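Engineer: Okay, here's the structure, questions in a sec.
The values are calculated or read from the model by the stated rules, or taken from the named source; none is laboratory data. Because the structure is predicted, anything quoted here is derived from the model rather than measured. Don't worry about glycine lacking a Cβ; one is built from the backbone with ideal geometry, like all the others, and counts go over all protein chains shown. Side chains are part of the model used for accessible areas, which takes the heavy atoms of the whole protein and leaves out ligands, DNA and RNA. Shrake-Rupley method; radii C 1.70, N 1.55, O 1.52, S 1.80 Å.
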Amino acid sequence: MKRLLISVMGKGRAAPTGGLRYETTPYRFPEGEVRTATFFGGALFRHLAAPGPAPDLMVVGTTGSTWGLLEDFAIHSEVSLPPGWDAAHREVEAAEAGQASLEAALVRWENLLAELLGVRVALVLLPDPPAPQQVAQALGERLAALGPYEEFHLDITHGYRYLGYALLGALLPLRHAWGARIQLHYGGLELRGSAPEAPVVGLEALHELIALDESLSVLAATGDFRPYFAGTAQAQEAAEAYFFLETNQQHLVKKRLSGLAEARNPWAGENVHGWVREVLSGLDGENIEDKMANRARFFWDRGQIFKALLLLFEAIVVLGVRRFGDQGQVLLYEARMDARERLEGWLRQMSPEWAAVYRELRWVRNAIAHGTRPEQAEAQRALSSPQGLAQVWKKGLALMEALKAQLWR
């Protein structure tokens, strides 16, 4: 698995012997292992490298960071230092004092660190302080040369507090682009109290909250509620309910949706789950045509025109089957076509205006369903712009409501 450790480099405190340092600290990892380091990124690198293979390394800092702290990698190295290490270290310290180019010094030390550790190394230098967009841009540029990676380990212990958030935000899209997993680590210096060791905190809960947010985004955009219930006791029930919804087996949907309304993602509060219940209720209805029309509205609101127009037209056809056909033969093609023709005839007799709306909706629906250009001028106009199609949609909904009110008088 190709991994990358990203650590934030901050500014050390003045040391009694001169210069800036972090406090040398023993860090206790959740597995019980203890590693001592001045820079937590060094301890974390050795922890991750112990089972092998070692991750590549990226250290993100600013012109105000104490880059000399990266000597921690050399102090705890089990191999000989590469030639020129001491000179490069002195050059970095001179650059921090304003006596040399920090950018040039870090380029040389980056190459020596890669040779020492046997992995790819990137030292990312940012302005002090950096804007979040500068963080994201710099990260993207370096990852374009290094990646792709299957796993990121993000150390947010040192440096500006917001740098960790900016880096996390920049990494999140790569979970989709590269299929990468992100793990966060924090060396809890302030958590040790009187204990000699600082506990390393794994922030697994953030993964769950991010996953919850993603599942809600999927639900809001597409109506797919399966990710929200994934990992819960209702995962299978959710998968079945969604399958029956998508295959329009409405008689099998209601009971499962009712069960899901009482279930909850364990990371979701009542406000969030109340919204989920509201969305699920909008996918249901008293009868088959209402269920289809409700789903049509849901998809239209989310820009899924194909689904919305097909569902709305089919909801109107179902109304015609219920009124003019044999409901026991609702799935038979011949019965549906006969009922549809009788519905259109009834509309022509009762209301030429509604009959025109029905024909236009049918022409538009057929064009969308089959990817063809309609011959009728009305349908061509409707499909020439979003605004024209929106007018057909509104008239179709009005036709649906009028038919529900008049067909059984």
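Engineer: Do any helices (runs of 4 or more DSSP H) entirely within the stretch 196-312 hold 3 or more residues that are more than 26 Å from the chain's Cα centre (by Cα), and if so, which?
Structural biologist: In the stretch 196-312, 254-262, 288-301 are the helices (runs of 4 or more DSSP H) which contain 3 or more residues that are more than 26 Å from the chain's Cα centre (by Cα).
Engineer: Among the residues of the stretch 77-90, what is the count of those that are farther than 20 Å from Thr38 by Cα and either of a type in the set (Lys, Arg) or assigned to a helix (DSSP H, G or I) (or both)?
Structural biologist: Of the residues in the stretch 77-90, 1 are farther than 20 Å from Thr38 by Cα and either of a type in the set (Lys, Arg) or assigned to a helix (DSSP H, G or I) (or both).
Engineer: From the residues in the stretch 300-316 that are surrounded by 21 or more Cβ atoms within 10 Å (Cβ to Cβ) and touching a Lys or Arg at 6+ places or on another chain (Cβ under 7 Å), which one is farthest from Val364 (Cα to Cα)?
Structural biologist: Per the stated criteria, the residue is Leu311.
Engineer: Would the stretch 356-366 turn up any residue that is at pLDDT 90 or above, open to solvent by 40 Å² or more (accessible area, probe 1.4 Å), farther than 18 Å from Ala308 by Cα and in a helix (DSSP H, G or I)?
Structural biologist: Yes - at least one qualifying residue is present in the stretch 356-366.
Engineer: Which one is most open to solvent (accessible area, probe 1.4 Å) among residues in the stretch 380-403 that are of a type in the set (Lys, Arg) and closer than 15 Å to Ala308 by Cα?
Structural biologist: Applying the filter and picking the extreme gives Lys394.
Engineer: Filter the stretch 126-163 down to the residues that are more than 21 Å from Asp213 (Cα to Cα) and acidic (Asp, Glu), then identify the one that is surrounded by the most Cβ atoms within 10 Å (Cβ to Cβ).
Structural biologist: Result: Asp155.
Engineer: For the stretch 118-131, which residues satisfy the criterion of being in contact (Cβ under 8 Å) with a residue 12 or more places away in the chain and assigned to a loop (DSSP other than H, G, I, E, B)?
Structural biologist: Correct list: Gly118, Val119, Arg120, Pro127, Asp128, Pro129, Pro130.
Engineer: Residue by residue through the stretch 276-286, note down the ones that are surrounded by 14 or more Cβ atoms within 10 Å (Cβ to Cβ) and either without any contact (Cβ under 8 Å) to a residue 60 or more places away in the chain or small (Gly, Ala, Ser) (or both).
Structural biologist: Within the stretch 276-286, Arg277, Leu280, Gly282, Asp284, Gly285 meet the criteria.
Engineer: Ok, one more. Report yes if some residue within the stretch 119-136 is touching a Ser or Thr at 6+ places or on another chain (Cβ under 8 Å) and of a type in the set (A, V, I, L, M); otherwise report no.
Structural biologist: Yes, the conditions are met somewhere in the stretch 119-136.
Engineer: Out of (1) under 29 Å from Trp393 (Cα atoms); (2) surrounded by 18 or more Cβ atoms within 10 Å (Cβ to Cβ), the odd one out for Arg264 is which?
Structural biologist: Result: Arg264 passes all but (1).
Engineer: If I filter the stretch 103-117 for residues that are assigned to a loop (DSSP other than H, G, I, E, B) and touching a helix residue (DSSP H, G or I) at 6+ places or on another chain (Cβ under 8 Å), do I get at least one hit?
Structural biologist: no
Engineer: Here is a list of conditions, (1) under 25 Å from Glu23 (Cβ atoms); (2) surrounded by 20 or more Cβ atoms within 10 Å (Cβ to Cβ); (3) in contact with a helix residue (DSSP H, G or I) (Cβ under 8 Å, 6 or more places away or on another chain), and Ala166 meets all of them except one; can you say which number that is?
Structural biologist: All conditions are met except number (1).
Engineer: Please pick out the residue among Glu204, Glu197 that is open to solvent by 60 Å² or more (accessible area, probe 1.4 Å) and of a type in the set (D, E, K, R).
Structural biologist: Checking each option against the conditions leaves just Glu204.
Engineer: Quick one: which of Leu69, Leu123, Leu116 is within 37 Å of the chain's Cα centre (by Cα), modelled with pLDDT of 90 or more and crowded, with 20+ Cβ neighbours inside 10 Å?
Structural biologist: On inspection, the qualifying residue turns out to be Leu123.
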